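A short write-up of the structure that comes next.
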Amino acid sequence: MLKVIFEIFTLPFSLFDNPIENYIAMGIIGYIAYKIAYNEVGGLRLRGETGSVAHWTIRTMAFVTFWFLCCIVIRVIDFITNNWISVIISLVLVLTLYIIEEYAISHPESILNKQI
């Protein structure tokens, strides 16, 4: 019964538009969630109905957590690939400011440390 509830709960979760890629990704996430739940319940030495409820609760939480992290990583990678010029310009500007600040700290007599 708990497996049916888990499957109904996780059925709408999706990472990709391609069903084959999505099936593979969800299978990997599901396997990782299974191993985490199996190891945790085994470590707690729970058996019977209590162990089953603990297993499916931990498995659901692990599945949702890994799915959420994968969604974030995919969205960040998608953003970077779609806006790579802006990302590179921003990184160059931040790196330049960091180098200037480090130079100013290491050279106290620099013009960068002068008050206007």
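No lab work stands behind these numbers, since they all come straight from the coordinates. This one's a predicted model, so the numbers in the text were calculated from it and none came from an experiment. Backbone-built Cβ (ideal geometry, glycine too); neighbour counts: all protein chains shown.
Points worth noting:
- Single residue of region 1-16 satisfying the filter (over 19 Å from the mean Cα position of the chain (by Cα) and part of a loop (DSSP other than H, G, I, E, B)) that is surrounded by the most Cβ atoms within 10 Å (Cβ to Cβ): LEU11
- Residue satisfying condition, being assigned to a loop (DSSP other than H, G, I, E, B) and among the charged types (D, E, K, R), within set GLU101, GLU40, GLU109: GLU109
- Verdict on VAL92 being more than 23 Å from the chain's Cα centre (by Cα), surrounded by fewer than 12 Cβ atoms within 10 Å (Cβ to Cβ) and in a helix (DSSP H, G or I): yes
- Residues of region 31-52 satisfying the condition of being among the hydroxyl-bearing types (Ser, Thr, Tyr), within 24 Å of the chain's Cα centre (by Cα) and surrounded by fewer than 15 Cβ atoms within 10 Å (Cβ to Cβ): TYR31, TYR38
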